[in-house]
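The values are calculated or read from the model by the stated rules, or taken from the named source; none is laboratory data. Just so you know, these numbers come straight off a predicted model, no measurement behind them. Cβ coordinates were reconstructed from backbone atoms using ideal geometry, including for glycine residues, and neighbour counts include every protein chain displayed.
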Amino acid sequence: MKIFKEEQRFTQLWLIILLLFSIVVPVAIILNQTDKMTTSEIIISLSVIILAPAIIFLFKLNTRIDERGIHYRFVPFHLKHRFIPWNEISKAYTRTYDPIGEYGGWGIKGGSLWNKSKGIAINVKGDVGIQLELTNGKKILIGTQKKAQAESTLENYKHKLV
């Protein structure tokens, strides 16, 4: 019995720099206006400015492939793991994709808001994913940073696909 597990978070350097810049500029503006604000206004403003972008670091994508099927959860949007049993999957393989061009970026993307024919993508970083084509015609792409391990595990359960 082979099991694939992966947890991903938003830890890209470009994202951290962008978030730091989005914090530094408003903080500098507020600190420049301290003579016009009360202490509580300053504390509340600084707290909101610092905590709002930091929320993105709470997001994480958990993926598990086992003998039952494929499980995934994108915290905080999925309160519990989503599960797709092998008998609902017609094709499962890894592929390289264009996150922005095909799905509109990272996160939970696609579906009715983007290119419907591609299905949805649940991803955090990179351009490699586990592509699932379901028996009901839907497509789901789950991002991965462990392409070789995902391929090996999918190959192990290939006989379970419909």
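Give the stretch 1-55 a look and list any residue that's more than 30 Å from residue 108 (Cβ to Cβ), in contact (Cβ under 8 Å) with a residue 12 or more places away in the chain and of a type outside the set (A, V, I, L, M, F, W, C), or say none.
The one that is more than 30 Å from residue 108 (Cβ to Cβ), in contact (Cβ under 8 Å) with a residue 12 or more places away in the chain and of a type outside the set (A, V, I, L, M, F, W, C): 45.
For residues in the stretch 111-134 being over 13 Å from residue 99 (Cβ atoms) and modelled with pLDDT under 95, which is surrounded by the fewest Cβ atoms within 10 Å (Cβ to Cβ)?
Residue satisfying both the conditions and the ranking: 112.
Give me the strands (runs of 3 or more DSSP E) completely within the stretch 56-121, filtered to those with at least 2 residues that are touching a residue at least 40 places away in the same chain (Cβ under 8 Å), ordered by residue number. Full working, then the answer.
On the way: elements: 60-65, 69-75, 82-85, 89-96, 107-110.
Because the criterion is at least 2 residues that are touching a residue at least 40 places away in the same chain (Cβ under 8 Å), the strands (runs of 3 or more DSSP E) in the stretch 56-121 that meet it are 60-65, 69-75, 89-96.
Just a yes or no: is a residue in the stretch 130-138 small (Gly, Ala, Ser), without any contact (Cβ under 8 Å) to a residue 12 or more places away in the chain and at negative phi? Full working, then the answer.
Step one: filter the stretch 130-138 for residues small (Gly, Ala, Ser), giving 137.
Subsequent filtering for residues that are without any contact (Cβ under 8 Å) to a residue 12 or more places away in the chain retains 137.
Among the residues that remain, those that are also at negative phi are: none.
Looking through the stretch 130-138, none of the residues is small (Gly, Ala, Ser), without any contact (Cβ under 8 Å) to a residue 12 or more places away in the chain and at negative phi.
Which residue pairs have Cβ atoms under 6 Å apart, sit 6 or more places apart or on different chains, and have a first residue in the stretch 147-162 that is at positive phi and a second that is crowded, with 17+ Cβ neighbours inside 10 Å?
Final answer for the pair search is none.
Condition test on residue 86, is it outside the structural domain of residue 22 (by TED's automatic domain parsing) and either modelled with pLDDT under 95 or within 25 Å of residue 12 (Cα to Cα) (or both)?
Working: outside the structural domain of residue 22 (by TED's automatic domain parsing): yes; either modelled with pLDDT under 95 or within 25 Å of residue 12 (Cα to Cα) (or both): no.
Spelling it out, it is not the case that residue 86 is outside the structural domain of residue 22 (by TED's automatic domain parsing) and either modelled with pLDDT under 95 or within 25 Å of residue 12 (Cα to Cα) (or both).
Would you check if residue 156 is polar (S, T, N, Q) and touching a Lys or Arg at 6+ places or on another chain (Cβ under 7 Å)? Full working, then the answer.
Working: polar (S, T, N, Q): yes; touching a Lys or Arg at 6+ places or on another chain (Cβ under 7 Å): yes.
Yes: the conditions hold for residue 156.
Kindly check whether there is at least one residue in the stretch 137-159 that is aliphatic (A, V, I, L, M), part of a helix (DSSP H, G or I) and surrounded by 19 or more Cβ atoms within 10 Å (Cβ to Cβ).
Yes, the stretch 137-159 has at least one match.
Tell me which residues, restricted to the stretch 26-47, are surrounded by fewer than 11 Cβ atoms within 10 Å (Cβ to Cβ) and either assigned to a helix (DSSP H, G or I) or assigned by TED's automatic domain parsing to the domain that holds residue 124 (or both).
Narrowing the stretch 26-47 to residues surrounded by fewer than 11 Cβ atoms within 10 Å (Cβ to Cβ): 28, 32, 35-36, 38-40, 47.
Scanning the stretch 26-47 gives 28, 32, 35, 36, 39, 40, 47.
Filter the stretch 103-162 down to the residues that are farther than 25 Å from residue 66 by Cβ and among the polar types (S, T, N, Q) and list them by number.
Across the stretch 103-162, the qualifying residues are 112, 115, 117.
Considering only the stretch 1-25, state which residues are surrounded by fewer than 13 Cβ atoms within 10 Å (Cβ to Cβ) and assigned to a loop (DSSP other than H, G, I, E, B).
Result: 1, 3, 11.
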